[in-house]
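Heads up, the thing below is written out as structure tokens.
None of the figures in this text is laboratory data; all of them are computed from the coordinates on show. What you see is a predicted model, and the numbers here were worked out from it, not measured in a lab. Backbone-built Cβ (ideal geometry, glycine too); neighbour counts: all protein chains shown.
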Amino acid sequence: MRTTRLLGLLLIPLAFATPGCSDPKPQGSVVSESPKGFKEFFDIRIGTENARIQVAIWPAEQQQGLMHRRDLGPNDGMIFIYKKPQVMSFWMRNTPTPLDIGFFDAEGVLQEIYPLHSFDETSVRSQKPAKFAVEMPRGWYSTHNVRPGSKLDLAALSRAVAARGMKPSIWELP
């Protein structure tokens, strides 16, 4: 009898702890997807050309960049985003794929393009402060007639940053 009474006392709290059958999400709420990772590609237009771009935001991602990569497609690249315009410097440590780098100002206008040579640890610096740097396979800019003055699609970049789970406004994106 004591065991039955004790068991009954233990089960009473469980009856009140079980969740109800109603939907816990209020009507009209939006459930966001899991944030996309660093290796995810996003369609971002540069000038009139579409490119598949990986978005490097955090310092660890920017330090990794395209190191050790041999798998870039002809329209694949990586964008490096900074909070404020600055003179930038890039090198090709542990990077086997020859690249070109374009430096863009805060309005997304391409200012400069430079070749980057495989495994070359010589720094390539922007001449002007830039907010974005986009690495693409060697020759991509010239092949696609993307020249200084071409624009980066900042709205698409903003969507990519949001898909990465971050607020675009942190990087002063639309």
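So, by mean Cβ neighbours within 10 angstrom, what's the order for 48-56, 131-139 with the highest one leading?
Taking the mean over residues of other Cβ atoms within 10 Å, the ranking is 131-139, 48-56.
For Lys36, list the lysines whose Cα falls under 18 Å from its own Cα; do not include residues on the same chain fewer than 8 positions away.
By straight Cα distance, Lys36 reaches Lys167.
Could you give each residue of region 94-103 its phi-based ³J(HN,Hα) in whole Hz, using Karplus coefficients 6.51, -1.76, 1.60 with θ = phi - 60°, and x for Gly or Pro?
6, 10, x, 8, x, 10, 10, 10, x, 9
I need Trp58, Trp171 ordered by Cβ neighbour count within 10 Å, fewest first.
Trp58, Trp171
List, largest first, the extents of the alpha carbons of region 43-171 along their principal axes, each in whole Å.
35, 32, 29
Could you name the aspartates and glutamates in cross-link range of Lys131, using Cα to Cα under 18 Å and dropping any fewer than eight places away on the same chain?
Hits, sequence-local ones excluded: Glu61, Asp100, Asp105, Glu107, Glu112, Asp153, Glu172.
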